[in-house]
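Student: Can you keep this structure in mind? I'll have questions shortly.
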Amino acid sequence: MTTPATAEELRAAQEAEYGRYVAKEAIRIDNVLAFNPGDSVPASHVSRKVVDRSQVEDLSKTEKKG
């Protein structure tokens with residue numbers, strides 16, 4: 001990813017990274033609490049398998065259409 005040049009690009013990049021997944025349960029990384037239930041989980045943590053997909057809810061699949 002390139003560095004966002006404008007505030008709007010930065011907002012879009014942050015939304016893409018933090019707006020897709022939320023923790024279903026308390027998530028620990030290396031035995032340290034990293035995310036509480038309901039916390040946003042970075043998409044990169046899921047794609048790099050730092051966090052297992054079973055531990056997060058994918059909001060892109062639950063958004064209401066209409």
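Student: Pairing the Cα long axis of helix 7-18 with the longest principal axis of the chain, what angle in degrees results, from 0 to 90 and rounded to the nearest 10?
Tutor: So the helix axis and the longest Cα principal axis differ by about 20 degrees.
Student: Roughly how many nanometres apart are two label points built 7 Å out from the Cα toward the Cβ at D39 and S60?
Tutor: 2.3
Student: Select from the chain those GluC sites (Glu not before Pro) which occupy a DSSP coil region and have at most 10 other Cβ atoms within 10 Å, ordered by residue number.
Tutor: The qualifying sites are E63.
Student: Which entry in (i) 11.2, 33; (ii) 13.2, 41; (iii) 15.0, 49 is this structure's computed Rg and Dmax of the Cα atoms in Å?
Tutor: (ii)
Student: Let me ask something additional. What is the extension gain from D52 to A12, computed as 0.36 nm multiplied by their sequence separation minus the C-alpha to C-alpha distance, in nm to one decimal?
Tutor: Once the chain is fully extended between D52 and A12, it gains 12.0 nm.
Student: Here is a follow-up. Out of the chain, which trypsin sites (Lys or Arg not before Pro) are coil in DSSP terms and have no more than 10 other C-beta atoms within 10 Å?
Tutor: R48, K49, K64, K65
Each value in this text was obtained by applying a stated rule to the coordinates, not by laboratory testing. Note that this is a predicted model, so its numbers are computed, not measured. Cβ: placed from backbone, ideal geometry, glycine included. Neighbour counts: every protein chain shown.
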